[in-house]
1. Being surrounded by fewer than 19 Cβ atoms within 10 Å (Cβ to Cβ) and basic (Lys, Arg) is the filter; apply it to the stretch 113-145 and report the residue that is nearest to Ile215 (Cα to Cα).
2. If I ask for residues that are surrounded by 20 or more Cβ atoms within 10 Å (Cβ to Cβ), out of contact with any Pro (no Cβ under 8 Å at 6 or more places or on another chain) and under 20 Å from Cys132 (Cα atoms), which ones from the stretch 72-96 would you list?
3. Looking only at the stretch 126-158, which residues are on the phi < 0 side of the Ramachandran plot and without any contact (Cβ under 8 Å) to a residue 24 or more places away in the chain?
4. How do the strands (runs of 3 or more DSSP E) wholly within the stretch 105-150 filter down when requiring 1 or more residues that are within 19 Å of Ala79 (Cα to Cα) and at pLDDT 95 or above: which remain?
5. Quick check on the stretch 174-210: of everything there that is polar (S, T, N, Q) and within 14 Å of Gly63 (Cα to Cα), which residue is surrounded by the most Cβ atoms within 10 Å (Cβ to Cβ)?
6. Within the stretch 151-173, count every residue that is within 15 Å of Leu86 (Cβ to Cβ) and either open to solvent by 50 Å² or more (accessible area, probe 1.4 Å) or not in a strand (DSSP E or B) (or both).
7. Can you confirm whether the stretch 170-180 contains a residue that is farther than 18 Å from Lys73 by Cα and modelled with pLDDT under 95?
8. Condition (residue is more than 20 Å from Phe89 (Cα to Cα) and not in a helix (DSSP H, G or I)) applied to the stretch 190-197: is it met by at least one residue?
Amino acid sequence: KKEEKEKDKEEEKKEKKKTEKKKEEKLAVKIVENPATPHGAGFSSWSKPKELILKVKPANFSGPPPFKSLTGKCFSIVANNYKYELCPFHNITQREQSSRWNAYAGVLGVWKDWVIDNNTFIGWHMPNGDSCGGKLRQMKVVLVCGKKHTAGKVSEPKTCEYEMEFQTPLACSRRNMAVYPWLNSELQQQWDSIEQEKFNGDLTNQGYQKYMKQIWKSAGFVAETLASKSEHARDKDSQLCVDLVVEQRVMLFCIRETGREGCHGVW
């Protein structure tokens with residue numbers, strides 16, 4: 001009986017350890033970063049951090065492969081009594097470092113696509129943050145060459161539209177920041193063709209930018225928007241109209257030269 005009791009006790013201990021381990025595993029799961037415990041008079045130990053939920057799923061990683069090393073990492077900075085937590089290719093949050101029971105905490109943006117200027121990657125576009133006066137908060141992260149990965153200064157140029165500098169050694173390489181090297185051969189050929197047309201004077205600056213944006217979208221570096229989709233549809237309709245006019249002219253020419261009976265297979 002003593003042996004049986006000892007065995008029962010051992011089994012109970014094992015079960016207890018398993019239960020505790022499961023609890024620890026559950027606590028380790030975080031949807032979005034938990035804030036540092038606020039310091040100051042009046043802070044209640046029973047106050048729980050606000051759970052932040054993303055409105056949309058972050059887009060898949062895109063862009064220069066060297067930047068993929070930043071996925072799964074987060075970088076924070078405290079400025080003007082707010083803690084900003086940037087998780088590249090995922091999301092960015094803002095938490096007020098205050099002892100108030102209703103201290104602000106929210107999502108400023110979710111990773112969507114790259115910001116490209118002059119055929120160069122210059123930063124990340126992170127829209128779809130929490131609601132802010134009838135619109136959603138959004139963040140533009142500007143990449144700056146630096147010795148180590150560091151979240152830098154934060155500003156708010158327009159209400160609910162934020163900008164952050166992110167210093168990284170990855171931005172020091174011209175090849176990393178150039179768009180062309182990271183395109184597939186087909187898109188590079190399209191790029192070369194567009195450059196040649198521009199050089200020959202057959203393409204306006206507006207047309208050049210339009211074709212470049214289409215290449216970036218095809219590569220997955222820039223996301224397709226509702227506006228660009230409708231614009232693409234209009235371009236398609238315009239092309240159909242041009243084709244129709246050409247066909248009509250060919251038909252009229254054929255009738256004039258050979259007569260109606262000889263033009264059945266033309267159109």
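1. Lys140
2. Scanning the stretch 72-96 gives Tyr84, Glu85, Leu86, Ile92, Thr93, Gln94.
3. If we filter the stretch 126-158 for residues that are on the phi < 0 side of the Ramachandran plot, which is where we start, we get 126-127, 129-132, 135-158.
Once the filter is applied, which keeps residues that are on the phi < 0 side of the Ramachandran plot and without any contact (Cβ under 8 Å) to a residue 24 or more places away in the chain, the stretch 126-158 yields Pro127, Ser131, Lys147, Lys148, Ser155, Glu156, Pro157, Lys158.
4. Strands (runs of 3 or more DSSP E) meeting the threshold: 105-110, 138-145.
5. Among those residues, the one meeting the criterion is Asn176.
6. 7
7. Looking through the stretch 170-180, none of the residues is farther than 18 Å from Lys73 by Cα and modelled with pLDDT under 95.
8. Among the residues of the stretch 190-197, not one is more than 20 Å from Phe89 (Cα to Cα) and not in a helix (DSSP H, G or I), which makes the answer no.
The values are calculated or read from the model by the stated rules, or taken from the named source; none is laboratory data. Note that the coordinates shown come from a computational prediction; the quantities given were computed from them, not determined experimentally. All Cβ positions, even for glycine, are placed from backbone atoms using ideal geometry, and neighbour counts span all protein chains on display. Only protein heavy atoms, including side chains, enter the accessible area calculation; ligands, DNA and RNA are left aside. Shrake-Rupley method; radii C 1.70, N 1.55, O 1.52, S 1.80 Å.
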